[in-house]
Amino acid sequence: MNTGGIWETLGFYLSYPFVQYALIVGVLVALSASLLGVVLVLRRLSYIGDGLAHVAFGAMAIATVLNFSNNMLLVLPITILFSILLLHGGRRVKIQGDAAIAMMSVGALAIGYILFNLFPPKGGNVSGDVCTTLFGSTSILTLSQEEVWLSIGLGFVVVVLFVLFYNRVFALTFDGEFAAATGMRTGLYNAAVAVVIATVISLAMNLVGSLLISALLVFPALSAMRVYKSFRSVVICAAVFGVTAALVGIVASILAGTPVGATIVAADIAGFLLFSLLGALKGKK
Amino acid sequence: MALLTCENVSVGYEGKPVAEAITFAVNPKDYLCIVGENGSGKTTLMRTILGLLPPLSGKMTLEEGVRHHIGYLPQQSPVQRDFPASVREVVLSGCLSRGRGPFFTRAQKALADKNIARLNITKIANHCYRELSGGQQQRVLLARALCAADKMLLLDEPAAGLDPQITQEMYDLIGDLNQSGLTIIMITHDVGAAIRNASHILHVSRTPLYFGESEGYAQSPLGSAFLKEANP
């Protein structure tokens, strides 16, 4: 294939609105996921993203069975509820945090799968629907205009909140105890972080599906931390990394005909390896 | 009037007391050391003073307006040891309680720079926190605490894990801060240093065994026994 051919194919696809939607939503979701991922990775909470994604899968199954016109209306509140329970009430629960998440994670997956099988959606096939929800195989290309606007709005809110509360996010992440001792309402901010994380995960379901969401959260942060050493530079680098990987992944999947979510994650892996190499070279100097 | 008074206070988690019947008072410019065995409730008491835990019973009073002028030097957590942050970012985060806006003002940045200079870490201000030595990290955290503190400074084992020379520097630094007018409450297991540096001692061991001036503690049977045990 010559290069002219690739650009022509790309231009052909880009003229379709559903491809444009996919790119816009992909970039916004990747951007907000990578910003929050920095916080989660640094607070040793990466696994929470995974657990919540499975809860979102279960919620999606319920929404599909109940024939919701917009699944987000059910997925979002349920995921937010569990996110707050996990991040906020975690210390009071008798079951240890990581075990609780493992339990909830497989539980939601199993219940969701049973529901899909017991009440197969009209006109759909079970394995196709499950596969789409888990791996986001085609759903990003079938977004309705309503979902696109919802994604744009929520993505925008996440980024604005992150910028406005950047200093407080740093204080909370570096040392919540000190922040609380000097008068910050850490409980409130932790709850806010939980809500935003749940929102981003519900949105990311459309993009990469619930099994691959963790990749959007952890790869940008971990890659940036290989190379950069101040919080600000790690945050900026993670954001750029996440967006680039999403763009490269979406475009590559269109050109190669591969599943969108998995291709984005593959781009993330490639980027991580590159940054690890850069970090090792930088460390040697 | 005392900055902080505790009358018959019990501290602990989830209704289970760790230390009980604690009564003491801290006046402006005091230098109080809290000593005691591991697990005797020293850190729990400090967290209660900071308002991170409610007292289980008894009465704890902070003088009006002091709450937002307290600095805190916690024990380091594993999260911080490999956190990507520059020294300046860490110190600046101590200035948050000085403003309400989303971004740091010029005054807050000046305050951070002042404390960076005060602790002699200007040269490493742009270095990465996790790459510093233990002593340097403690200086950074102390600079952060000073940004929040202009009345009272609470320190939890500030010398933990430091070598003897750096430990002495740390104690000298804290002594200087006390001289400059800050009230100090410090947890330590180094009883010798506590007696040398502090004006008052509180010995906690589930219940407080001693509260009073440092000189009296060294001469009390309890103090001399604990001193012998700590420095055989």
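The values are calculated or read from the model by the stated rules, or taken from the named source; none is laboratory data. Bear in mind that the values here come from a model prediction, so they are computed numbers and not experimental data. Positions of Cβ are backbone-derived with ideal geometry, glycine not excepted, and every protein chain shown enters the neighbour counts.
Summary of computed values
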read-out	value
Filter pass, residue A:210 being in a helix (DSSP H, G or I), of a type outside the set (Val, Ile, Thr) and either within 22 Å of residue A:250 (Cα to Cα) or within 20 Å of the chain's Cα centre (by Cα) (or both)	no
Helices (runs of 4 or more DSSP H) completely within segment B:20-103 that count 3 or more residues being among the basic types (Lys, Arg) and buried (at least 23 other Cβ atoms within 10 Å of the Cβ)	none
Given (1) more than 25 Å from residue A:183 (Cβ to Cβ); (2) more than 14 Å from every other protein chain (Cβ to nearest Cβ), index of the condition residue B:113 fails	(1)
Odd one out for residue B:74, checked against (1) more than 16 Å from the chain's Cα centre (by Cα); (2) at the interface with chain A (Cβ under 7 Å from one of its Cβ atoms)	(1)
Condition met for residue B:173 (of a type outside the set (Val, Ile, Thr) and either touching a strand residue (DSSP E or B) at 6+ places or on another chain (Cβ under 7 Å) or part of a strand (DSSP E or B) (or both))	no
Subset of segment B:143-153 (residues that are within 12 Å of chain A (Cβ to nearest Cβ) and in a helix (DSSP H, G or I))	B:144, B:145, B:146, B:147, B:148
Residue B:31 vs. criteria of a type outside the set (Val, Ile, Thr), farther than 30 Å from residue A:229 by Cβ and within 11 Å of another protein chain (Cβ to nearest Cβ)	no
Hits in segment A:108-124 - residues which are loosely packed, with under 14 Cβ neighbours inside 10 Å and either in a helix (DSSP H, G or I) or modelled with pLDDT of 80 or more (or both)	A:110, A:114, A:117, A:118
Filtered residues of segment B:78-94 (kept if modelled with pLDDT of 90 or more and hydrophobic (A, V, I, L, M, F, W, C))	B:85, B:87, B:90, B:91, B:92
Selection within segment A:166-189 - outside any helix (DSSP H, G or I) and either more than 7 Å from chain B (Cβ to nearest Cβ) or within 14 Å of residue B:90 (Cβ to Cβ) (or both)	A:175, A:182, A:185
